[in-house]
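Only one structure is covered here, and it is reproduced in the block below.
The values are calculated or read from the model by the stated rules, or taken from the named source; none is laboratory data. All values derive from a computational prediction rather than experimental measurement. Virtual Cβ from ideal backbone geometry, glycine too; neighbours counted across all protein chains shown. Quick note on the areas: whole protein, heavy atoms, side chains included, nothing else; ligands and nucleic acids left out. Shrake-Rupley method; radii C 1.70, N 1.55, O 1.52, S 1.80 Å.
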Amino acid sequence: MVIAALPSPARRTLLLALSALAALGTARAADDGAGDGDAEYQVKAAFVCKFGNYIDWPAPALGAAGEPFRIGVLASGAVAEEFRRMAGAASVAGRPVEVKQLARGEAPQGLHVVFVSRAMSGHVDEVIAAVQGRPVLTVTELDPGASTGMASMINFVVVDDKVRFDIVLPPATQSGLRISVRLLGVARRVEGRP
Amino acid sequence: MSPFKPSLQRRLLGVTMLTSLVALFVALGAMVGYDLHSHHQDWVSDLQTQAELLGRSTAPALEFDDHKVASENLAVLRLQPKIRAAALYGADGALFASYATPGSTVAPPRVEAAGVRRSGGDLVVVQPINQDGRLIGSVHLRAEYALVDRVLSYLGIAVALAVLSLGVAMLLSLRLQRAIVQPILAISDVAQDVMRRQDYSRRAPKATDDEVGALADSFNGMLAEIERRTQQVLRLNEELEARVRDRTAQLESSNEELRLATAAAEKANRAKSEFLSSMSHELRTPLNAIIGFGQLLGTDVTTARPERRQEFVAHIVSAGQHLLTLINEILNLARIEAGHVELSLEPVLLDEVMAECRQMMEPTAVQRGIAVQFDATSCHCVLADRMRLKQVLLNLVSNAVKYNRPGGSVTVACSSPRPARVRIEVRDTGRGLAPEQVAALFQPFNRLGQEGGPEQGTGIGLVVTQRLVALMGGSIGVDSVPGEGSRFWVELQASELPAQPHVQTDWGDLSSLSAAPRAGAAPATVLYVEDNPASRHLVEALLAARQDWRLLLAHDGRTGLAMAVAERPDVILMDNNMPTLSGREAQSLLKLDPRTARIPVIALTANAMPEAAAASLAAGYFRYLTKPLNPAKLMTALDDALKLARARR
């Protein structure tokens, strides 16, 4: 729709870029974690870094002023590296953003956000269970309908070669997090809306 | 009405309209300026707010790269049709999403500098979108500015308001002006009326108490002043005209008088010339006879018979006598005319004078067969000179006798037609006089046709008579009917004082008066103080015979006093009735002066009343003698007085 509104040369360029991005993404996915697609994880890293700004954290969750906002990444080293690069330029609630790569089975401690990549999808339930009841935003990239276990709060999807996300409100609410309506406005789908 | 009214009103109206218009436009301009300014501010801040809101609502879409949501957010702007276009740009400045109303310019592909600017009649606002201090994009809003429309609509409102307010102002002004203009117009009307009709009694009405009222008051004051001055000028003019009229009348009357005087002078001159020529003629006529007969006597002395020569001599003597009479009368008249005649006016009993006249006229009347009748019982008394009065009467009676008809009559009567006047009438039965003859009656040498008649006359008698009557303060006239006779009349002033009856003087034996002078004695001196010349002459004649008396004469009391002091006479004779100083007063003064007190004074007066004589003697008079004078008594008194004077010395 937006693309249709654009003038035809710009649209063609964008379409070409997006198709290239999509091809890359599928290649990476097929690669099975050997190396996440740069473009996709760039976008996702940026998004995750920005999520913090659209969420009200309970007062003690962010700690004292000047303490960094910590994001735990359960993913390959390249992806974590991508996250670190994004975090360097980002800030949440006026704090610097720190990225910590989680090892498999490592209990996430002192984190505000936990991202579980598609390659680590098997550990999703475990991670969620580990942070359950604590004000930690959980972000996954499970295929829609694939998840049968515990749901993360935000789940990335790729629609029409664009990175979108779904939001599941109940686990966030249970964790004491309040997700901004503005964030809800740009989500592809919001589950558990009262 | 006058052209003043519309002009003044129109000007006032114009001033009001212009003032209202200017005030209106200034107010409207200020309001519109303020409104446009605040409209601009409001609109700009409105747009900025909208851009801010838009930025905030589209911030998540920008952050999470959601074009769809961004476009949806922009599309909401269709509810605000004034916003023609909108666009979102990413942080890198690239176009992210856009919106435009149909027919509007689309947003530029790259973001423009942040701020507010105008572009093609639209207002463009570009505002950055910040999220947590980070620039995440920009909002571009393009809205119609609508300032021109607003200005135009304001202009429309201004015009409508101007028309409306001017209309209202005009109505108000017309109504209010009447209060100001009406009193001024009233004054103007009065002023024009005053000028047109020159009626300064008009007054301007004073309607208000302001400057216009003061104007009316001043105007009225000026009118009153003008009115006053105009009336003054008119009055002065009238006075001047009256004065000019008076002067003209005076001038005319004096001209008339002058003319009359000139005529009278000419007439007198002519009369004088005629008189001279007549006199010459009258004098030559007897001379002619004298010379003629004289020559005849000279030449015919041998041949003429004695009777004839006797006749010639008689003619010469007669002519000489006539000439003498003529010359005497002319001299008499000349003396009268020159004012050299002395009159002594005193009370005179008419009966006496008339009796004397009859005595004198009777022989002539009888000789001519004329009956003369004197009415001598009237007892009238007049103030006159006795001698002159007799002369007047004699003249009139002798004329009446002379020019009467044979066997005619003359009547002399007196009466008192008016109080204090006595009229003497001499009526004859002669031929009478025609009116023109009456007019020429009192002219010298005019004998009214009697020149060739048998009666001798000079033609001067009546003239002398007239002059004498005038000198005595009387008047003379004549009424005459031709064929029946004439009536001459003389009117004189009546006298109250009854005069002493004038009896015929008993002169006594006058020869005894010239007695032998006193032997060996120097002549005695007597001073006679008397204003009546006749009396002076009488005494002078009486004493002329006496060698032993030297007579000194004084004409009045004052001269008498001076002479008495200077000459020291032995005796003084004093008349009483004199002008300036009476005899009584003079006598008392003499008695007071030691130099003259011893001189005996004898009174010699016409007052014969015994009381007066007694009073005079008591006052110191030596003797009291009354007129008519008895010469013997006078001599006795003088001699006695001299004896006393000598004895006193």
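One table, with the values for the structure above:
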item: Net charge dipole size for chain B [Lys, Arg +1 and Asp, Glu -1 on Cβ; Debye, nearest 20]; result: 1120 debye
item: For the stretch B:75-89, 3J(HN,Hα) per residue [Karplus equation, 6.51 cos²θ - 1.76 cosθ + 1.60, θ = phi - 60°, Hz, x = Gly/Pro]; result: 5, 4, 5, 5, 5, 10, x, 6, 8, 7, 8, 8, 8, 10, 10
item: DSSP beta bridge pairing in the protein assembly as shown, given as percent antiparallel to the nearest 5; result: 60 percent
item: Listed residue pairs exceeding 20 Å between alpha carbons, taken from B:Lys272/B:Lys402; B:Lys390/B:Lys627; A:Lys100/A:Lys162; B:Lys591/B:Lys627; A:Lys50/A:Lys162; A:Lys44/B:Lys68; result: B:Lys272/B:Lys402; A:Lys100/A:Lys162; B:Lys591/B:Lys627
item: Cα pair count fraction exceeding 38 Å, expressed as % - chain B; result: 69 percent
item: Dipole axis of the protein assembly as shown (+1 Lys, Arg; -1 Asp, Glu on Cβ), positive-most option in B:Leu538, B:Ala554, B:Leu343; result: B:Leu538
item: Mean accessible surface per residue for the stretch B:251-313, computed with a 1.4 Å probe while every protein chain stays in place, in Å²; result: 78 Å²
item: Reachable aspartates and glutamates, given that their alpha-carbon falls under 17 Å from the alpha-carbon of B:Lys206 and they are not under 8 places away in the same chain; result: B:Asp189, B:Asp193, B:Asp217
item: Relative packing of A:179-187, B:283-291, which averages over residues the other C-beta atoms within 10 Å, highest first; result: A:179-187, B:283-291
item: Top positive-direction residue, dipole computed over chain B with Cβ charges, set B:Leu77, B:Leu581, B:Val244; result: B:Leu581
item: Inter-label distance for B:Leu296 and B:Ala647, nm, one decimal - labels placed 7 Å from Cα along Cα-to-Cβ; result: 7.1 nm
item: Å² of accessible area per residue within the stretch B:35-95, as computed with a 1.4 Å probe and no ligands counted; result: 45 Å²
item: Buried area at the B-A interface (accessible, heavy atoms, 1.4 Å probe, summed, Å²); result: 1500 Å²
item: Apportionment of accessible area to carbon and sulfur, chain B, percent (1.4 Å); result: 58 percent
item: Number of partner chain Cβ atoms within 10 Å, mean per residue of A:173-183; result: 1
item: Chain B - mean residue ellipticity at 222 nm from DSSP helices (-39,500 (n - 2.57) per run, n ≥ 4, rounded to 500); result: -19500 deg cm²/dmol
item: Other-chain or far-sequence residues with amide H under 5 Å of A:Glu98's (modelled H); result: A:Phe69, A:Arg70, A:Ile71
item: Carbon and sulfur %, accessible surface of the stretch A:43-194 computed with the full protein complex present, 1.4 Å; result: 54 percent
item: Cβ-derived FRET efficiency at R0 60 Å, B:Arg247 paired with B:Glu211, nearest 0.05; result: 0.70
item: Average other protein chain Cβ within 10 Å of Cβ, residues A:45-52; result: 2
item: Cα centroid of the stretch A:54-132 to Cα centroid of the stretch B:333-379, whole Å; result: 198 Å
item: Reach of B:Lys643 by Cα under 17 Å, taken over aspartates and glutamates that are not fewer than 8 positions away in the same chain; result: B:Asp548, B:Asp570
item: Beta bridges by DSSP in chain B, antiparallel share as percent, to the nearest 5; result: 70 percent
item: Net charge dipole size for the protein assembly as shown [Lys, Arg +1 and Asp, Glu -1 on Cβ; Debye, nearest 20]; result: 880 debye
item: Point-charge dipole on Cβ atoms (K/R +1, D/E -1) for the stretch B:571-635, about Cα centre, debye to 20; result: 200 debye
item: Residues whose placed amide H lies under 5 Å from that of A:Glu191, excluding near-sequence neighbours; result: A:Ile167, A:Val168, A:Leu169
item: Peptide B:63-76 - average C-beta neighbours from other chains (10 Å radius); result: 5
